[in-house]
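Participant: Below you'll find the structure I mean.
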Amino acid sequence: MSSRAHASSPAWRWLGLRDVDEAEGSAVVEMAATSDMANTAGFVHGGMISALADSAMGRSIRTITPAVIRSMSFDLKLSFISAAKVGETLRATGRVVHAGRRTAVTECRVEGAGGRLVATASGTFAITRGKE
């Protein structure tokens, strides 16, 4: 885990998201899929998976230098590959593809049990860098 401290947002706490690993330009975030996250078919609602992917990509931006002090997604594309099951832990790996002065482009892979691909995502973020 990075030495940078992270404040957990209310959304992260509500979703039960947790940081698993970080490196320069990447972050891994997990979420235990609970029954409260189910859609009418009994699988994990796509919005929950989207929130997980967006969070992992946003966290990956916070690992780059010069430091990013604020980031907000303004574009998000998600492709669902397989259904996520209630009760399994979903793991999202976010990676920075490109980071400029004011925007960053990211990608993400969301996996279920046994590394099964659940979704892929890409996102563009508005960023503010700190003074170095």
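Read the figures in this text as sums done on the coordinates, not as results from a lab. Computed from a prediction, not measured in an experiment: that's the story for all the values here. No Cβ is skipped: glycine too gets one built from the backbone with ideal geometry, and neighbour counts run over all protein chains shown.
Participant: Per-residue HN-Hα couplings for the range 47-58, Karplus 6.51 cos²θ - 1.76 cosθ + 1.60 at θ = phi - 60°, whole Hz, x for Gly and Pro?
Facilitator: Going residue by residue, I get x, 5, 5, 4, 4, 5, 4, 4, 5, 5, 5, x Hz, with x marking Gly and Pro.
Participant: Apply the a/c threshold of 1.5 to the C-alpha gyration tensor of the range 10-129 and tell me whether it is rounded, prolate or oblate. Walk me through the intermediate numbers first.
Facilitator: Working: a/c = 2.00, a/b = 1.94, b/c = 1.03.
Prolate shape, in that a/c is at least 1.5 and a/b is the bigger ratio.
Participant: What list of ³J(HN,Hα) values in whole Hz, one per residue of the range 101-110 in order, does the Karplus curve 6.51 cos²θ - 1.76 cosθ + 1.60 (θ = phi - 60°) give from phi, with Gly and Pro shown as x?
Facilitator: Each residue's phi maps through the Karplus curve to give 6, 10, 9, 9, 10, 10, 9, 8, 10, 10 Hz.
Participant: Please give the calculated 222 nm ellipticity per residue for the chain, where each DSSP H segment of at least 4 residues contributes -39500 (n - 2.57) and the sum is spread over every residue; nearest 500 deg cm²/dmol? Don't skip to the answer; put the middle values down first.
Facilitator: Working: 2 runs with 22 residues, N = 132.
The helix contribution divided over the chain gives -5000 deg cm²/dmol.
Participant: What full-extension length gain, to one decimal in nm, is calculated for ARG101 and ILE69 as 0.36 nm per residue of separation minus the Cα-Cα distance? Walk me through the numbers on the way to the answer.
Facilitator: On the way: separation 32, 0.36 × 32 = 11.52 nm, distance 1.21 nm.
Difference between extended and current length: 10.3 nm.
Participant: At R0 = 22 Å, how high is the FRET efficiency between SER82 and ALA126 if r is their beta carbon distance? Nearest 0.05 is fine. The partial results should precede the final answer.
Facilitator: Values: r = 31 Å, r/R0 = 1.42.
Efficiency for this residue pair is about 0.10.
Participant: Is there a quick way to get the dipole size of the chain? I mean about its Cα centre, with the Cβ of Lys and Arg at +1 and of Asp and Glu at -1; what is the value in debye to the nearest 20? Walk me through the numbers on the way to the answer.
Facilitator: On the way: 16 positive and 12 negative charges, 77 e Å.
Charge dipole of the chain: 360 debye, to the nearest 20.
Participant: Whose amide H sits under 5 Å from the amide H of ALA67, counting only residues 5 or more places off or on another chain, with H placed in the peptide plane?
Facilitator: GLY130
Participant: Farthest toward the dipole's positive end in the range 10-129, which of GLY114, VAL29, THR65, given Cβ charges of +1 (Lys, Arg) and -1 (Asp, Glu) about the Cα centre?
Facilitator: Most positive-ward Cα: THR65.
Participant: Once the other residues with Cβ under 14 Å from the Cβ of LEU76 are scored (Lys, Arg +1; Asp, Glu -1), what is the net sum?
Facilitator: On the way: positive: LYS77; negative: ASP54, ASP75, GLU107.
Cβ neighbours under 14 Å give a net charge of -2.
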